[in-house]
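The values are calculated or read from the model by the stated rules, or taken from the named source; none is laboratory data. Source: prediction; values computed, not measured. Cβ placement follows ideal geometry from the backbone for every residue including glycine, while neighbour counts extend to all protein chains displayed. Please note that ligands, DNA and RNA were not included when accessible areas were found on the heavy atoms of the full protein model with its side chains. Shrake-Rupley method; radii C 1.70, N 1.55, O 1.52, S 1.80 Å.
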Amino acid sequence: MADSSVKIDGNTLAAKALARYGVTHMFGVVGIPVTSLANRSVANGVRFIAFHNEQSAGYAASAFGYLTGRPGILLTVSAPGCVHGLAGLSNAMANTWPMVMISGSSEQSYIGRGDFQELDQVEAVKPFSKFSIKAKHIRDVPNAVAQVLYYAVDGRPGGCYLDMPTDVLHQTVSEEEAETLLADAQSVFKKDVVDVIQNLDKQIQDAVSLLRTAERPLIVFGKGAAYARAEDEIKRLAESTGIPFLPTPMGKGLLPDNHELAASAARSLAIGKCDVALVVGARLNWLLHFGEPPKWDKNVKFILVDVSKEEIELRKPHLGLVGDAKKVLNLINKGIKDEPFCLGKTHPWVEAITKKVKDNVLRMEAQLAKDVVPFNFLTPMRIIRDKILAVGSPAPIVVSEGANTMDVGRSVLVQTEPRTRLDAGTWGTMGVGLGYCIAAATASPDRLVVAVEGDSGFGFSAMEVETLVRYQLPVVVIVFNNGGVYGGDRRNPEEITGTYKDDPAPTSFVPGAAYHKLIEAFGGKGYLVGTPDELKSALDESFSARKPAVINVTIDPFAGAESGRMQHKN
């Protein structure tokens with residue numbers, strides 16, 4: 001029973017609120033004024049993962065929100081820490097993942113007078129968050145915590161911000177009053193959410209009719225469908241109708257990449273020739289060529305399923321269905337069940353997709369079968385693919401970033417289970433790698449985590465290998481080391497001029513960098529490999545150990561292309 005004579009401060013009250021309202025993990029960097037908040041959170045049952053840099057911690061929080069469906073929590077110090085944390089918060093917004101950033105801030109009575117690390121943080125985060133709030137008094141704390149947690153997952157998920165001034169953290173209330181405040185604030189989670197599903201009868205009928213009468217239908221699904229846990233509904237839809245499907249990069253695994261209806265290896269044909277495309281939890285942005293010619297047929301009819309009404313209004317599809325992907329697909333499946341149809345393997349569209357997939361897979365496998373030394377990107381990627389598949393279920397979570405490394409990995413690595421691929425995402429963000437690894441290892445402790453990183457991407461967050469070792473997380477980081485961004489010095493002779501022409505190229509790193517030595521400095525295991533046998537041995541040993549490891553893979557610096565598959569933008 002709460003005691004009216006016992007006082008607790010803002011740190012303890014905030015920690016109690018986080019724990020009571022379902023927070024299990026927190027990522028961040030401690031310091032003035034939030035160290036006590038971290039310690040009190042741990043005392044209340046929240047696992048705190050301490051990072052070296054708020055940027056990586058923020059990326060971890062954003063990915064944790066995606067993987068668990070609950071807001072990932074980032075804790076930062078004031079001003080500079082808050083600004084560093086904006087990388088993760090903005091990444092959560094871009095990818096529509098639930099996240100909450102909590103930052104300490106200046107004492108309120110000193111605002112405008114040049115206090116230690118003073119910044120109007122609520123104003124600073126506005127472009128990067130869907131909701132922000134400052135707890136101006138200790139009695140505001142439980143309600144403020146409840147609100148940011150609620151709004152992070154309400155409707156389209158995204159990032160929210162909670163500002164905790166120093167003086168509020170030091171204020172006190174009785175334990176008895178704290179209990180009342182905590183109980184009252186729980187009413188936030190009982191807010192009615194408008195269920196748009198009930199108004200979709202006509203749209204569902206129209207969607208089913210479009211799919212049934214289409215000559216060349218296609219199902220496209222993305223990480224929004226993965227977040228909604230819609231894999232069972234997608235499986236039922238695809239297999240009951242025989243419609244080919246195409247996942248976006250992080251939609252991979254909702255259905256296995258090697259499924260007989262998978263059209264990824266015939267992507268150009270699938271999107272170029274389909275006449276009706278059911279797009280679920282994926283935005284018609286740059287990743288899907290905006291749904292426009294010449295990649296798409298000019299007459300294609302889009303059926304767009306999205307939790308955001310604004311997204312559908314922006315894209316102006318032929319038919320829009322606003323709602324949770326899992327629920328909407330369930331209604332579509334029910335509509336089809338009433339009047340079933342199935343294209344069948346001999347349907348001309350299915351035959352065309354299947355033939356193209358087989359041809360392209362055979363062509364790719366012929367390239368992959370060659371053991372090229374010094375390594376190109378394909379040879380080590382094939383070896384990694386085969387070792388990951390050999391793990392079985394639960395399948396490892398693959399984290400990938402880089403230009404060539406990520407692009408080749410999207411084509412070669414095979415996802416067989418949902419939410420087992422994390423990459424640069426909607427924003428094409430570099431630097432997410434180690435943060436995502438740590439999020440994956442904490443969110444899914446039964447799974448091995450395998451990072452396949454370019455050396456440039458790895459460099460953004462390489463110091464977090466110490467974090468891997470400190471928490472003994474089952475993460476194997478594979479670095480494709482080709483000596484720089486895209487592959488070291490690729491300048492034309494006419495570009496090597498001027499006063500500083502003898503400096504290293506802007507894309508160059510130290511040749512032969514010993515990245516594997518970095519983790520060894522902290523007690524982890526490092527490997528340097530340059531042949532197929534060396535790589536296979538390192539993967540076998542590290543996968544079996546399930547301990548923090550870095551495998552430094554020497555790649556021919558002239559393999560791959562500048563900017564990967566986006567040379568036209570550079």
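List the chymotrypsin sites (Phe, Trp or Tyr not before Pro) in the range 107-196 that DSSP assigns to loop (not H, G, I, E or B) and whose Cβ has at most 12 other Cβ atoms within 10 Å. Which are they?
Listed in order of number, the matching sites are Phe116.
Ignoring ligands, DNA and RNA, please state the percent of accessible area on the range 426-486 from carbon and sulfur, probe 1.4 Å.
Ligands and nucleic acids excluded, carbon and sulfur give 57 percent.
Ignoring ligands, DNA and RNA, what accessible area per residue does the chain give at 1.4 Å, in Å²? Walk me through the numbers on the way to the answer.
Details: 23650 Å² over 570 residues.
Dividing the accessible area of the chain by its residue count gives 41 Å².
Could you please report the charge total around Thr166, scoring K, R as +1 and D, E as -1 over all other residues with beta-carbon less than 9 angstrom from its beta-carbon?
In short, -3.
For every helix of n ≥ 4 consecutive DSSP H residues, a contribution of -39,500 (n - 2.57) applies; sum these over the chain, divide by its total residues, and give [θ] at 222 nm rounded to the nearest 500 deg cm²/dmol.
Here the helix-only value at 222 nm equals -12000 deg cm²/dmol.
At 0.36 nm per residue, minus the direct Cα-Cα distance, what do Glu215 and Glu123 gain on full extension? Give it in nm, one decimal, please. Each step should come with its number before you reach the end.
Values: separation 92, 0.36 × 92 = 33.12 nm, distance 5.14 nm.
Extending this stretch completely gives an extra 28.0 nm.
Can you give me the C-alpha center-to-center distance between the range 199-225 and the range 167-188, rounded to a whole angstrom?
48 Å
Got a number for carbon plus sulfur as a percent of the range 140-291's accessible area, 1.4 Å probe?
Ligands and nucleic acids excluded, carbon and sulfur reach 49 percent.
Would you be so kind as to identify all helices of the chain, as entire DSSP H runs, whose Cα atoms reach 27 Å or more along the helix's own axis and whose mean Kyte-Doolittle hydropathy is at least -1.0?
Answer set is 348-368.
Extending each Cα 7 Å along its Cβ direction at Asp232 and His318, get the distance between those two points in nm, one decimal.
Taking the two extended label points, one gets 3.1 nm.
By DSSP, what percent of the beta bridges with both residues in the range 417-549 are antiparallel, rounded to the nearest 5?
Around 10 percent antiparallel, to the nearest 5.
If the limit is 21 Å between Cα atoms, which of Lys301/Lys356; Lys235/Lys327; Lys130/Lys309; Lys130/Lys223; Lys273/Lys355 go over it?
As for pairs spanning more than 21 Å Cα to Cα, those are Lys301/Lys356.
Just how many pairs of Lys in the range 480-555 have C-alpha atoms closer than 23 Å, counting pairs that are eight or more places apart or on different chains?
6
Scan the chain and report its longest stretch carrying no trypsin sites (Lys or Arg not before Pro) that are both in a DSSP loop and have at most 11 other Cβ atoms within 10 Å.
371-500
Taking all protein chains in place and a 1.4 Å probe, what share, in percent, of the accessible surface of the range 308-419 do carbon and sulfur account for?
56 percent
Pull out a ≥ b ≥ c, the square roots of the eigenvalues of the alpha-carbon gyration tensor of the range 1-50, then state rounded if a/c is under 1.5, prolate if not and a/b is larger than b/c, and oblate in the remaining case.
Oblate shape, in that a/c is at least 1.5 and b/c is the bigger or equal ratio.
Can you give me the Cα centroid spacing of the range 346-388 and the range 267-327 in angstrom?
The range 346-388 and the range 267-327 have Cα centres spaced 27 Å from each other.
Using the crude model of +1 on Lys and Arg Cβ and -1 on Asp and Glu Cβ, and no other charge, please compute the dipole size for the range 262-386 relative to its Cα centre, in debye to 20.
For the range 262-386, the charge dipole is close to 180 debye.
Please give me the summed charge of the neighbours of Val141: other residues whose Cβ is under 15 Å from its Cβ, Lys and Arg +1, Asp and Glu -1.
Combined, the nearby Lys, Arg, Asp and Glu give -1.
What percent antiparallel are the DSSP beta bridges of the chain, to the nearest 5?
If we restrict to bridges inside the chain, about 5 percent are antiparallel.
Let me see the P(r) profile for the range 334-393: every Cα-Cα distance counted, bins of 5 Å, each bin given as a percent of all pairs.
Calculated P(r), rounded to whole percents: 3, 15, 13, 13, 13, 12, 12, 8, 6, 3, 2, 0.
Name the aspartates and glutamates eligible as straight-distance cross-link partners of Lys337: C-alpha to C-alpha under 17 Å, and not fewer than 8 places from it in the same chain.
Partners within reach: Asp201, Asp206, Asp232, Glu233, Glu239.
Run through every distinct alpha carbon pair of the range 327-475 and return the Kirkwood hydrodynamic radius in angstroms, one decimal place.
17.9 Å
The list (i) 3, 17, 25, 24, 19, 9, 3, 0; (ii) 3, 15, 20, 19, 16, 12, 9, 4, 1, 0; (iii) 3, 15, 23, 23, 17, 11, 6, 2, 0, 0 gives values of P(r) over Cα pairs in 10 Å bins from 0, in percent, and only one came from this structure; which label was calculated from it?
Correct label, based on the coordinates given: (i).
What does the charge count near Gly45 come to, summing +1 for each Lys or Arg and -1 for each Asp or Glu among other residues with Cβ under 12 Å from its Cβ?
+4
When the chain is fully extended, how far beyond the present Cα-Cα distance does Arg113 get from Glu239, taking 0.36 nm per residue of separation?
Separation in residues times 0.36 nm, less the Cα-Cα distance, equals 38.8 nm.
Is the range 1-128 rounded, prolate or oblate when judged by the Cα gyration tensor, a ≥ b ≥ c being the square roots of its eigenvalues, rounded requiring a/c under 1.5 and prolate requiring a/b larger than b/c?
Oblate, because a/c is 1.5 or more while a/b does not exceed b/c.
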